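Below is one structure; the comments refer to it alone.
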Amino acid sequence: MRRFKILAIGTLLTLGALAGTALGKEGAVTKLDALPPGGLHAGQMIPVGFMILMDGVEPYKADVAEIVIRNGTGKVLSYPATPQGPAGHYVANVYFPAAGTYTWQATQGTYFAPFDLGTVAVLGPVTSTAAEATPASAPATNDPLSQAIPIFAGLVAIGGTIRLAQLLRSHRRISAAA
């Protein structure tokens, strides 16, 4: 009987610990709209649209939204975004002062951490012969570990339930035989 109680308590504690992880939310992600087909050029105000999605699915109305860019020397420029279109969609007019590689991120309100948008190559100012653009790298938003945790928690729960049922049956057999 003592072994049964220890196993039952252990199973419940394991399920409780894994339930918080399995039900935990990943936060918010930002998905950029399509960038201009000619690429991003220095010296222009470029409207950059983006969608803030809570848990990667549900549109999120942020109290503060902005695009923050950093050049290679560490200079930081911030461009506020305004809501436009459907809920959770924002547009910021971004200005890249010079050609080069920039890192950028989106501020997703005061509750969620800023979302890293990766790096972007900015071309020189537009001339009469525009060069082809280098597309911005998009960060991966699919995290395999966050998808595997609920599956693992479910398997542990099933295994614990099966083992608990086996112990109950063996306990009943012993009680019936005595």
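Each value in this text was obtained by applying a stated rule to the coordinates, not by laboratory testing. The shown structure was predicted, so the numbers you read here are calculated from the model rather than taken from an experiment.
Kirkwood Rh, Cα Rg: Rg to Rh for segment 28-141?
Rg/Rh: 0.97.
Cross-link candidates for residue 31: which lysines have Cα within less than 29 Å, leaving aside residues fewer than 8 places away along the same chain?
61, 75
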